[in-house]
Amino acid sequence: VVIMKNFVFALLFCIGKILLGQESNKIMIHKGNQSYEKQDFDEASYYYIEAIKKNNNDFKALYNFGNSLYKKGMYADAINEYQNALKNTQNRHEQKITLYNMGNAQFLNKDIQSAIKSYQSALKLEPNNPDILRNLRIAKKQEEKQKKQPQNKNQNIQNSKLNQENTQKEQEKN
């Protein structure tokens with residue numbers, strides 16, 4: 001009987017700890033989203049990292065962290081987080097917005113070929129999306145420019161008209 005009581009107590013303790021951890025993960029994402037909306041990307045990143053520490057497979061935390069890094073101009077790091085987010089979702093909408101944002105980060109990181117691949121993958125999920133189609137056209141034009149002018153390969157492509165007004169899809173809300 002004592003062993004059974006101890007077992008039940010230990011089981012309830014573990015379940016409670018798991019539930020509190022999940023709730024606190026959601027709270028961290030929510031706080032990160034609030035900071036992101038205030039354009040405090042450093043603070044948002046902090047909260048997303050805390051959420052990832054609690055659950056490193058949480059799509060929303062990974063994706064939103066990628067968005068914060070993107071906004072801070074840390075494109076290579078953002079790409080890495082988008083790749084991690086992609087590994088943690090089977091949802092087509094989440095895949096599409098992640099691929100789109102990853103393509104934007106790759107473009108700004110001067111990896112035009114990878115950006116084109118990301119946009120093409122996003123288009124497979126939503127073939128008529130005007131934002132994806134526009135950015136794919138821009139990336140292909142940039143690729144053609146680079147092929148024609150190999151001596152200017154390191155030109156500043158950030159000034160291109162990469163749909164800056166709609167560069168990222170909205171944050172995932174919890």
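Of note:
- Of all residues in the range 59-85, those satisfying the criterion of being open to solvent by 30 Å² or more (accessible area, probe 1.4 Å) and of a type outside the set (Phe, Trp, Tyr) are Lys60, Lys71, Lys72, Gly73, Met74, Ala76, Asp77, Asn80, Gln83, Asn84.
- Condition broken by His93, with the remaining ones in (1) open to solvent by less than 80 Å² (accessible area, probe 1.4 Å); (2) modelled with pLDDT of 95 or more; (3) not aromatic (Phe, Trp, Tyr) satisfied: (1)
- Whenever a residue of the range 104-123 is under 14 Å from Lys141 (Cα atoms), its partners that are open to solvent by less than 10 Å² (accessible area, probe 1.4 Å) and outside any helix (DSSP H, G or I), lying with C-beta atoms within less than 7 angstrom and at least six residues away or across chains, give the pairs Phe107/Leu162.
- Test: Ser24 is farther than 29 Å from Leu123 by Cβ, part of a helix (DSSP H, G or I), open to solvent by less than 100 Å² (accessible area, probe 1.4 Å) and modelled with pLDDT of 95 or more: no
The values are calculated or read from the model by the stated rules, or taken from the named source; none is laboratory data. On a predicted model such as this, the values are computed, not experimentally measured, just so you know. Cβ sites come from the backbone with ideal geometry, for glycine too, and all protein chains shown count toward neighbours. Protein only, heavy atoms only, side chains kept; ligands, DNA and RNA dropped before computing areas. Shrake-Rupley method; radii C 1.70, N 1.55, O 1.52, S 1.80 Å.
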